[in-house]
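The values are calculated or read from the model by the stated rules, or taken from the named source; none is laboratory data. What you see is a predicted model, and the numbers here were worked out from it, not measured in a lab. With ideal geometry, Cβ positions are generated from the backbone for all residues, glycine too; neighbour counts draw on all protein chains shown. Surface accessibility is based on the protein's heavy atoms, side chains included, excluding ligands, DNA and RNA. Shrake-Rupley method; radii C 1.70, N 1.55, O 1.52, S 1.80 Å.
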Amino acid sequence: MKKRNNRWLLGPALVLAAGAWHYFDVRAGALESGDTWLTGTYLWLLAAVVLGLVGLGYGFTYGPPELGGRTETGRKASSGRKGKLKAGPWSLEYGYLCAGLFLGTLYLLVLPPLSAPDEVSHYVTAYQLSSRMLGRPSNADTGHVLSRAQDMWLQDVGDDYEYEAGEDGYLRPVAETTENAWPLGQTLTEDTYKVIRQQGLGGRRWPSAADNGDQLMVSVYPPVVTTAAAYIPQALGISIARVLNLNSICLVYLGRFLNLLFFVAMTFLSIKRLPFGKEVMMGAALLPMTIHLSASFSYDVMIMGCMFYLTAICLDLAYEKDRVRLVDVAVLALLMAAAGPCKMVYGVLMGLCLLIPVKKFGGWKRWAAAAAGVAAAWGVSMAMVNGQTIVSYAVRTEGDVPWAQEAGYSLTLLLHEPMRLARMFYQTFLWQAEQYHLSMIGAWLGNLDDVLDVPYIAVLLFTGCLLCLAAKKPGESIRFPFGARVWVWVLCGGCAGVILLSMLIAWTPLSSPVISGVQGRYFLPFLPVLLMSLKNDFIILTKNGNRSILYLMCCANGYVLTRLYAIVSMRL
């Protein structure tokens, strides 16, 4: 009988050792602030991380049969004498299901509500949809969102706002009192953990809420103008909390958790349907930035989930299925209609549908009808949600960048000065490529807080893992023909180019030498298919260690979590 290899236990052991080291940082912060409970919470976190990694390691290596035991080739393990499945490693989709839920939940707790990029705006938008779901007033006449009085403290942790009643009877923050106010989690400090602990699941009413009873209050932050579909999971969580009259802490965590469930479900389905490249998809979903976003209110969850599943369907239809069914076309149309209005730039990824041979549709007529249906779903949703914005950017001759209080670029200007456009792209590529790489992996988490950093060595580790997952393994065939790979490169390059162009027009002042506002997370939706297309016959790994690589990424995330908690605990 072959002896089991337990080298995978080295991962949890190293995380435990690093966690023990960071314990002294947490202890120093607790002694300085007097909040000794920080050390106890940290020890619970460290125990959960280590035990969870042990469980994942067992599942990736051996695995209980009830979760779909698999052999290394991906086939089901043979049945035992009693007809039950023998224990074997989890299939990749079930491995991701466990890892995604486990790590996502921990990121949700370690990086508290409203701490993700632009999360307060996404929270307000989800709250607006929740009110509409419940048939309650959602907006004031200014368009700002109405909130329960007991929830307003989330946008004003310091209780700095003063309120006055408007003509409509809703309480509005006095503008002069909002300058020094800040929402929960915008800058993560030890006080953030302290406030959440004090509120707890039962919670007490915040001072402003107690003073204003059950009156509706007007949010300071306007909602995001986009499709309501991007906020359905978050709004459901908020609605459940409101129906059950739960406090604000429960409300924001439920909204976040349902968004996490949606992303994990979509990625699970994507990995399951992919005919190849499953490990690459899972690797992209295990990056710190991806997991952090998946456990937030961000509409990036809808975009990534839809684009991951679109990629899986297109590759499955192109290289595995014998024919395209009507339901496949309908799902593709639904995905584009749901994600398109969030960021129209990802409409370029509809080009993945062109990988599917015409014969699988049953002829050119059916192909044309299917293509028209998917394109029309995207176009109609774009016109309904973003029609005015698109027209304004297309026809304006002078740009304006409010955040910089300067003149900006316009499409007309760029058409008349193509060399200026080329220079901006060139300079941005030279000077910003490193920043895009780091922020895509997750070098800075929270609200892109440079203090909440993932060490550069860890960023290199995650990057190396992705490249190894994308490399060819012994005995593996390349399913992507060269022409298809070139087409994928064109699509990904085009999508990145449109992202840069959109931010050049919408966010970049004329005085800037590079394009402003672009973040590496914008490239995550097409990262999996780009990595899949890199597989070639020139770089071949000598051993198939995909499962070990994916487990290494899980362990690296465990280290990131413990380190982040230690950093916040010391940030007084």
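Answer yes or no: is there a residue in the range 292-302 that is within 14 Å of TYR522 (Cα to Cα) and among the acidic types (Asp, Glu).
Yes: one or more hits.
Which members of the range 139-154 meet the condition of being open to solvent by less than 20 Å² (accessible area, probe 1.4 Å) and touching a Pro at 6+ places or on another chain (Cβ under 9 Å)?
VAL145, LEU146, MET152, TRP153, LEU154
Go through the residues of the range 294-312 one by one and say whether even a single one is of a type in the set (Gly, Ala, Ser), touching a Phe, Trp or Tyr at 6+ places or on another chain (Cβ under 8 Å) and surrounded by fewer than 24 Cβ atoms within 10 Å (Cβ to Cβ).
No.
Okay, residues lined up against (1) part of a helix (DSSP H, G or I); (2) crowded, with 18+ Cβ neighbours inside 10 Å; (3) at pLDDT below 90:
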{"site": "GLY185", "(1), (2), (3)": "no, yes, yes"}
{"site": "GLY202", "(1), (2), (3)": "no, no, yes"}
{"site": "ALA209", "(1), (2), (3)": "yes, yes, yes"}
{"site": "PRO222", "(1), (2), (3)": "no, no, yes"}
{"site": "ARG242", "(1), (2), (3)": "yes, yes, no"}
{"site": "LEU251", "(1), (2), (3)": "yes, yes, no"}
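Out of the range 222-242, which residues are over 20 Å from the mean Cα position of the chain (by Cα) and more than 26 Å from PRO173 (Cα to Cα)?
Answer for the range 222-242, where residues must be over 20 Å from the mean Cα position of the chain (by Cα) and more than 26 Å from PRO173 (Cα to Cα): just ILE240.
Give me the residue from the range 69-114 that is β-branched (Val, Ile, Thr) and at pLDDT below 95 and, out of that set, surrounded by the fewest Cβ atoms within 10 Å (Cβ to Cβ).
This residue is THR73.
Scan the range 351-362 and give yes if some residue there is in a helix (DSSP H, G or I), on the phi < 0 side of the Ramachandran plot, open to solvent by less than 30 Å² (accessible area, probe 1.4 Å) and in contact with a Pro (Cβ under 6 Å, 6 or more places away or on another chain), otherwise no.
No: the range 351-362 contains no residue that is in a helix (DSSP H, G or I), on the phi < 0 side of the Ramachandran plot, open to solvent by less than 30 Å² (accessible area, probe 1.4 Å) and in contact with a Pro (Cβ under 6 Å, 6 or more places away or on another chain).
Residues that are free of Cβ contacts under 8 Å to residues at least 12 places away in the same chain and within 21 Å of the chain's Cα centre (by Cα): does the range 406-425 have at least one?
No, there is no match, as no residue in the range 406-425 is free of Cβ contacts under 8 Å to residues at least 12 places away in the same chain and within 21 Å of the chain's Cα centre (by Cα).
Could you check the range 496-517 and list, in sequence order, the residues that are in contact with a helix residue (DSSP H, G or I) (Cβ under 7 Å, 6 or more places away or on another chain), in a loop (DSSP other than H, G, I, E, B) and surrounded by fewer than 21 Cβ atoms within 10 Å (Cβ to Cβ)?
The answer is PRO513, VAL514, SER516, GLY517.
Could we say that ALA433 is outside any loop (DSSP other than H, G, I, E, B), of a type in the set (Gly, Ala, Ser) and crowded, with 17+ Cβ neighbours inside 10 Å here?
No: the conditions fail for ALA433.
Restricting to the range 448-465, what's the tally of residues that are touching a strand residue (DSSP E or B) at 6+ places or on another chain (Cβ under 7 Å) and either open to solvent by less than 30 Å² (accessible area, probe 1.4 Å) or at pLDDT 95 or above (or both)?
1
Looking at the range 468-476, is at least one residue among the hydrophobic types (A, V, I, L, M, F, W, C), more than 27 Å from LEU354 (Cβ to Cβ), open to solvent by 10 Å² or more (accessible area, probe 1.4 Å) and part of a helix (DSSP H, G or I)?
Within the range 468-476 (the criterion being among the hydrophobic types (A, V, I, L, M, F, W, C), more than 27 Å from LEU354 (Cβ to Cβ), open to solvent by 10 Å² or more (accessible area, probe 1.4 Å) and part of a helix (DSSP H, G or I)), the answer is yes, since at least one residue qualifies.
From the list VAL374, VAL358, VAL348, exactly one residue is within 22 Å of TYR319 (Cα to Cα), of a type outside the set (Gly, Ala, Ser) and touching a Gly at 6+ places or on another chain (Cβ under 7 Å). Which is it?
None of the other options fit; the residue is VAL348.
Just need a number here: residues in the range 518-534 that are open to solvent by less than 30 Å² (accessible area, probe 1.4 Å) and more than 17 Å from the chain's Cα centre (by Cα).
3
Which residues, taken from the range 6-19, are among the small types (Gly, Ala, Ser) and loosely packed, with under 12 Cβ neighbours inside 10 Å?
Scanning the range 6-19 gives a single hit, ALA17.
Would you be able to say whether some residue in the range 374-392 is of a type in the set (S, T, N, Q), within 19 Å of LEU500 (Cβ to Cβ) and open to solvent by 30 Å² or more (accessible area, probe 1.4 Å)?
Yes - at least one qualifying residue is present in the range 374-392.
May I ask you to list the residues in the range 118-157 that are in contact (Cβ under 8 Å) with a residue 40 or more places away in the chain and part of a loop (DSSP other than H, G, I, E, B)?
ASP118, LEU134, PRO137, ALA140, THR142, GLY143, HIS144, ASP156
Considering only residues that are modelled with pLDDT of 80 or more and either assigned to a loop (DSSP other than H, G, I, E, B) or on the phi > 0 side of the Ramachandran plot (or both), look in the range 170-183 and name the one that is surrounded by the fewest Cβ atoms within 10 Å (Cβ to Cβ).
Only one residue tops the list, namely VAL174.
Can you pull out the residues in the range 21-41 that are open to solvent by 30 Å² or more (accessible area, probe 1.4 Å), part of a helix (DSSP H, G or I) and either under 11 Å from ALA566 (Cβ atoms) or among the hydroxyl-bearing types (Ser, Thr, Tyr) (or both)?
TRP21, TYR23, PHE24, ASP25, ARG27, ALA28, SER33, THR41
Where residues in the range 477-488 are over 30 Å from ASP118 (Cβ atoms) and in a helix (DSSP H, G or I), which of them is least open to solvent (accessible area, probe 1.4 Å)?
It comes out as ALA484.
What are the residue pairs meeting all of these: first residue in the range 158-179, first residue of a type in the set (Gly, Ala, Ser), second residue assigned to a strand (DSSP E or B), Cβ atoms under 8 Å, and 6 or more apart or on different chains?
Sorted first by the residue in the range 158-179, then by its partner, the pairs are ALA165/LEU171; ALA165/ARG172; GLY166/ARG172; GLY166/VAL218.
Being open to solvent by 60 Å² or more (accessible area, probe 1.4 Å) and touching a Phe, Trp or Tyr at 6+ places or on another chain (Cβ under 9 Å), is that true of even one residue in the range 395-404?
Within the range 395-404, one or more residues are open to solvent by 60 Å² or more (accessible area, probe 1.4 Å) and touching a Phe, Trp or Tyr at 6+ places or on another chain (Cβ under 9 Å).
Please determine, by comparing only the residues of the range 557-572 that are among the aliphatic types (A, V, I, L, M) and either open to solvent by less than 10 Å² (accessible area, probe 1.4 Å) or in contact with a strand residue (DSSP E or B) (Cβ under 7 Å, 6 or more places away or on another chain) (or both), which one is nearest to LEU469 (Cα to Cα).
VAL560
Between a residue in the range 303-316 that is closer than 16 Å to ALA337 by Cβ and any residue that is surrounded by fewer than 24 Cβ atoms within 10 Å (Cβ to Cβ) and among the hydroxyl-bearing types (Ser, Thr, Tyr), which pairs come within a Cβ distance under 7 Å, given they are 6 or more apart or on different chains?
ILE303/TYR346; MET307/TYR346
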